[in-house]
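Participant: Sending over a structure as C-alpha cells; questions will come in a sec.
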Amino acid sequence: MACRCGPPNVDGSCRPISQFVLKVHSRCDLSCDHCYVYQHADQTWRGRPARMPPATVRAAALRIGEHARDHGLPVVHVVLHGGEPLLLGAAGLREVLAELRTTITEWTRLDLRMQTNGVLLDEELCRLLVEYDVRVGVSFDGDRAANDRHRVFAHGGSSHDHVRRALALLRRPEHRASYAGILCTIDVRNDPDRVYEALLAESPPRVDLLLPHATWDDPPRRPGPDPTPYADWLGRIHRRWVDDGRSMSIRMFEALRPGGGGTEAFGLAPADVLVVEADGSWEQVDSLKTAYHGAAGTGFDVFDHPVDEVAEHPGVAVRQDGVDGLCATCRSCPVVDRCGGGLYAHRWRTGSGFDNPSVYCPDLLRLIDTVDAYPPPAPPASGEWSATSPVDVVLDDLATGHGSASTLAVLAATQLSITRALLVAARDRSATPAAWELLVHLDRVAPEAVRAVLAHPFVRPWLVHRLDPSAPPGPAVDPLPALAVAAALRAGVPTVLPVPVRADTITLPTLGSLVLPGLGRSAEVTVRPGEVQVRGGSVARTVLLDPLASPSTGWFPTRDVPVPGGRLLLEDGDPYRDCYGQPVESRLEVPVARALGRTLAAAWQVVHRDVPAHAAALDGGLRAVVPLAPDPARPLRSATARHAFGAVAVAPHADPETMAVLLVHEWQHAKLGAVLDLYDLVEPGQDGRIRVPWRPDPRPPEGVLQGVYAHLAVTQVWQSRAAHDQGDASAHAAHFLGWTRDGVDALLASRSLTPAGERFVGQLRHTLEETRVGSR
Amino acid sequence: MDHAPARSSRPDLDNLTRSLHVPLDRIPVEHAEAVRRRVVTNGSVPSGTVPVAAFNSSI
C-alpha cells in the first residue's frame, strides 16, 4: 500500500511509527527498587492521573488509526503498559481493549500486547486477554532469591509466588496463545545458572534479558575488579542456552548475532516507537526516564498533535538515523552494526547528552565476542578450516549452473521453514483454533505427515494470499483447517473439523479436491482411516480414499507420475496454483493427463541424459508441474512463481526434448528465487534498468540476474547435445552462451549488486569462461 | 519486555531454518512476523524487484 503521508520531510524521508506504548495505568502494586518509572531520575508520574481516562484512550486510538491509514501500515503494535495495566481491573481493561480494537482495526491489523508484573492476573483476566488476542509479557527476575532482590511489595513481601502463579495460568492450553514471554532484569549478584533454570522452567515462548538501567552519571553496579561483570554473567547464560539447543528464544542473544536484526537495545534499525502517557502526553521511549527528569517529554499530546508531528521531534528523529545518529566512538567501532550503540538511555552523560557510547560498552564488546565464539565453528568435513561462510558455500555451488544435492536440500529446508513460519503468522487470522491445535499435535506425533503437506508448493501461496494485506480481492479462505485435515489423513489420525468451502470445493493439499455442489460456505469434515465424511449445506457424503479403487463421486485425487526424483504431481486442482501471472488449465481429462505425464517422465530422462548435474538438482526439489492453459499464439510457455518452490508451470507439449529444456530453464528460476528469499543479491531500491540481448526493453537487475541464470543452464543443455548432435545444437548453445555472457557483464558493470550478488555473478562469469561452445 | 517486532534484517541461514527444528507452537511469533515481512509482497518492495509472478515474463 502506498504511503499517503504527503510531501517528504526535509531529509527526503517520511517516518512512519508502528509501535505505541500506552500507559493505561500509571501506578503499580509492587515497589521494585530498580523501576525506572518511580525510582530513577524522572518523577513526572507524580503529576499524572492514575488511570488513562476513556477519552484519552479514544484520542490515542484515533491518532494511531489515522497514522496507519495515512502511511498504509499493514500492522501496528500497541503495548499496554504502566505502572501496572492490570490495576484497571477486568471491566476497565475490557473498555480499553474494545476501544483499541474497534478504532484501530478499521485501518490496519492491530497487534496488541501487554507488559505486567502478573500479580493480579487471574482466570477472568486471562480469558479476556485471549478474547481480545492480547499477548502478555510478564516481568520476572528468576529464582526466588533473584526475583525478590528487587521485585517486592511496598511492605517488603515477596512477589515470587504471585508471579509464578500468573505464569502457570498463561501456560494453560486455553491461555497459551496470550503468553508472549518473560522480561528478566539481570543483577550480577544473582546466580546465572539458577536464574536460567528458573526462566526455563516457566516454558516462555521468549525471554528478554534486560541490563539494569544506568547512565554515565549513575553507572551500573560493578562489584569486584572484573571490568565486564555483565558480559561474564550473560556469557554464562549464553553457554547454557547454546548447550541446551536454544530451547527457548532469548532475544538478547539472537539480536546480537550477525544479522540478528536488533531490538530497542541493540542494532541500528530505526526505533519507531512512541509512548502515550496516562494524561495523553506523547513521549519518547520510556527508558529515557532513567536519564533525567522530563527526558522522555516531547511537549505534544494526543488531543492536539498527530503522530507525524511527534515523529519530527528531534529526540525521535535522531533514533531513526542509524549509524549517523551515534557518537564518533561508535561510528568507528567495528561492531557498531551489532550493538547499535546500546540502549539510547544508557548513553546519557550530563554535558554531552546522549552523544556517548553506552555505559555498558565494555560489557557489550565482550558479550559480542562471547556470542561469536561459542559454539566454535565446526571444521569442514575435509578437516581443513575454511573462512567461507554458509551463504558463500551455497552461492558458489549454485554458480556452477546447477547446484549439488546438499545445496538443494538446504534450499528445500529453508523453503519449508519459511512456510512453517508463515503458518504461525496465519494462526492469528484463523477462526478455527482446533485446526491449529491439530496441526501442533500432528507436528509432534506425525511430523512427516505435516512436512509432506507444508512442503506442497501451493501451501505458501495460500498462506501469502491470506497474509498479504495488499493481495488482490478474491476468496482467501482460512487455510489451516484444510491443511490440518490433509495432514491428519496422511497420518491416519481420526479427527473432526469445520473446514471452509470455496466454490463448492474443499482442497486438501497433496491429496486432491472434494467438489460437492451444495456444500455451502463451511462443512464438517470427519477423518477416518481411508475415508472422509463431509457434511455441509445440503450435502452429506462419505468419500473413500483408496488409491487403488475408482475415486468416489466428488473426489478428484491429485494425479502423479513416477520420475527419478520420486513422484511428480500433476497439479491441476489446487486453486492456489493460479500464481503464474497467466491462465492455468483446469482439471485435465484423463487421456490428456496421461499424455502429459508420459512427456514429463520422458523429459526427465532426457535431462538425466543431457545434463546429469541439472537432473540431480531436479531430483532434489521439483515436486509438481502445473499445466498452463493452451495459447495457440504462444504454444511454448513455461513459468515459475517465487512463492511456489517445488513447482513449475508449462503449457502441455508433446516433445520430451523441448519439455526437458523448459524444465531445466524454470528450475533455475525456482532455485534462484529460493536464494533470493534468503539473501539480497541486488541492492534494495535499485531503480536502474539494464539492456539485455534477449528483450528489446531494459530490465531491472533482478530480472537480468534471473535471465542469466536460466540461460546458463540452457546453454549447458545445448552444449551437451552439441557433443552428439550434428544439427543446430551447437548454434543454440552459442546463442544462449552469448546472451548469458552479455547479461553477466552488464550486471557486473551495473554496480547494482550486493557483495553477495557480486560474488555470485562473478562465479557465474568464471563458470562461463570454462564453457566452450563451437568457435566462441 | 521489548514487545517490538524484530527489526528488518537479512536473516542468516540458521535463522531461516529455525522453525524446522522447533515445534509449531514454540515458533516465536516475532520470528514468524519477521519471515512474513521478508517474503510476503507488499507496498514496501522496492522498485526494480521482480514480482512474485512468472519469472519468464520478468527476465
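Participant: Evaluate region A:458-576: find the radius of gyration of its Cα atoms, find its Kirkwood radius, and give the ratio Rg to Rh.
Facilitator: 0.97
Participant: For the protein assembly as shown, what is the percent of antiparallel DSSP beta bridges, rounded to the nearest 5?
Facilitator: 55 percent
Participant: Here's something else I'd like to know. Apply 1/(1 + (r/R0)^6) to the Cβ-Cβ distance of A:Ala595 and A:Glu174, taking R0 = 51 Å, and write down the FRET efficiency to the nearest 0.05.
Facilitator: Efficiency for this residue pair is about 0.45.
Participant: Moving on to the next point. Please identify every one of the trypsin sites (Lys or Arg not before Pro) in region A:284-374 that sits in a loop by DSSP and has no more than 12 other beta carbons within 10 Å of its own beta carbon.
Facilitator: Filter output for region A:284-374: empty list.
Participant: For region A:665-712, which trypsin sites (Lys or Arg not before Pro) are both in a DSSP coil and crowded by at most 15 other Cβ atoms within 10 Å?
Facilitator: The qualifying sites are A:Arg691.
Participant: A further question on this structure: Mind giving me the nanometre distance, one decimal, between the label points for A:Asp655 and A:Arg222, set 7 Å out from Cα along Cα→Cβ?
Facilitator: Rounded to a tenth, the inter-label distance reads 7.6 nm.
Participant: Towards the positive end of the charge dipole of the protein assembly as shown, with charges on Cβ (+1 Lys, Arg; -1 Asp, Glu), say which of B:Ile27, A:Leu663, A:Ile237 has the farthest Cα.
Facilitator: Farthest along the dipole direction, towards plus: A:Leu663.
Participant: Still on this structure, I have one more. Taking every Cα atom in region A:683-747, find the radius of gyration and the maximum pairwise distance Dmax, and write them in Å.
Facilitator: My reading of the Cα-based Rg and Dmax gives 13.5, 47 Å.
Participant: Of the peptides A:739-747, A:83-91, how do they stack up when ordered by the mean number of other Cβ atoms within 10 Å, highest first?
Facilitator: Highest to lowest by the protection proxy: A:739-747, A:83-91.
Participant: Take each of the peptides A:624-637, A:228-241, average the number of other beta-carbon atoms within 10 Å over its residues, and list them starting from the highest.
Facilitator: Final packing ranking: A:228-241, A:624-637.
Participant: For chain A, calculate the relative contact order in percent as a whole number, restricting contacts to Cα pairs under 8 Å that are 6 or more residues apart.
Facilitator: Worked out over chain A, it gives 8 percent.
Participant: Taking 0.36 nm per intervening residue step and subtracting the Cα-Cα distance, what contour gain separates A:Glu448 from A:Asp397 on full extension?
Facilitator: Result: 15.5 nm gained on full extension.
Participant: Per residue, what volume in Å³ does the Cα convex hull of region A:575-697 take up?
Facilitator: 141 Å³
Participant: Now, a different point. Looking at region A:627-776, what % of the alpha carbon pairs are farther apart than 23 Å?
Facilitator: 40 percent
Participant: Label A:Asp148 and A:Asp122 with points 7 Å out from Cα along Cα→Cβ: what is the distance between them in nm?
Facilitator: Spacing of the two 7 Å Cα→Cβ label points: 2.4 nm.
Participant: On to the next question. When Rg is the radius of gyration of the Cα atoms in region A:658-701 and Rh is its Kirkwood radius, what does Rg/Rh come to?
Facilitator: Checking Rg against Rh, the ratio lands at 1.06.
Participant: Say a site is exposed when it is one of the GluC sites (Glu not before Pro), sits in a DSSP loop, and has at most 16 other Cβ atoms within 10 Å; what is then the longest site-free stretch of chain A?
Facilitator: Maximal segment without exposed cleavage sites: A:385-588.
Participant: Could you work out the Kirkwood radius for the protein assembly as shown, taking every pair of different alpha carbons, averaging 1/r and inverting it, reported in Å?
Facilitator: Evaluated on the protein assembly as shown, it is 29.0 Å.
Participant: Another question, if that's okay. Can you give the FRET efficiency for A:Thr754 and A:Asp304, using 1/(1 + (r/R0)^6), R0 = 30 Å, r = Cβ-Cβ distance, to the nearest 0.05?
Facilitator: Rounded to the nearest 0.05, the efficiency is 0.10.
Participant: Another question about this same structure. Need one number: convex hull volume per residue for region A:3-138, Cα atoms only, in Å³.
Facilitator: 128 Å³
Participant: Given all pairs of different Cα atoms, what value in angstroms does the Kirkwood hydrodynamic radius of region A:108-184 take?
Facilitator: Taking the inverse mean of 1/r over all distinct Cα pairs, region A:108-184 comes out at 12.8 Å.
Participant: Per-residue Cβ counts within 10 Å, from other chains only, averaged over A:408-421: what number is that?
Facilitator: 5
Participant: Helix hunt in chain A: which complete DSSP H runs extend at least 27 Å axially by C-alpha with mean Kyte-Doolittle at least -0.5?
Facilitator: A:405-427, A:590-610, A:656-678, A:701-722, A:729-750
Participant: Over all directions, the average projected area of the alpha-carbon convex hull for region A:511-626 comes to how many nm²?
Facilitator: Here the figure is 8.9 nm², rounded to one decimal.
Participant: List the trypsin sites (Lys or Arg not before Pro) within region A:172-231 that fall in a DSSP loop (any state other than H, G, I, E or B) and whose Cβ has at most 15 other Cβ atoms within 10 Å.
Facilitator: A:Arg189, A:Arg221
Participant: Using r as the Cβ-Cβ distance of A:Glu197 and A:Arg58, and R0 as 45 Å, what FRET efficiency do you calculate, to the nearest 0.05?
Facilitator: That gives a FRET efficiency of 0.50.
Participant: What is the mean number of Cβ atoms from other protein chains located within 10 Å of the Cβ atom of each residue in peptide A:701-708, rounded to a whole number?
Facilitator: For this peptide, the per-residue mean of nearby foreign Cβ atoms is 4.
Participant: Modelled label-to-label distance, A:Gln605 and A:Thr526, 7 Å Cα→beta-carbon offset: nm?
Facilitator: It is 4.7 nm.
Participant: Taking beta carbons within 10 Å but only from partner chains, what does the mean come to for residues A:179-187?
Facilitator: Across the residues of A:179-187, the mean count of other-chain Cβ atoms within 10 Å is 2.
Participant: Let me ask something additional. How long are the semi-axes of the equivalent ellipsoid of region A:273-349, taking √(5λ) for every eigenvalue λ of the Cα gyration tensor, in whole Å from largest down?
Facilitator: 26, 14, 9
Every number here is computed from the coordinates shown, using simple stated rules; none is lab data. Predicted model, so just to flag it, every value in this text is computed and none were measured. Don't worry about glycine lacking a Cβ; one is built from the backbone with ideal geometry, like all the others, and counts go over all protein chains shown.
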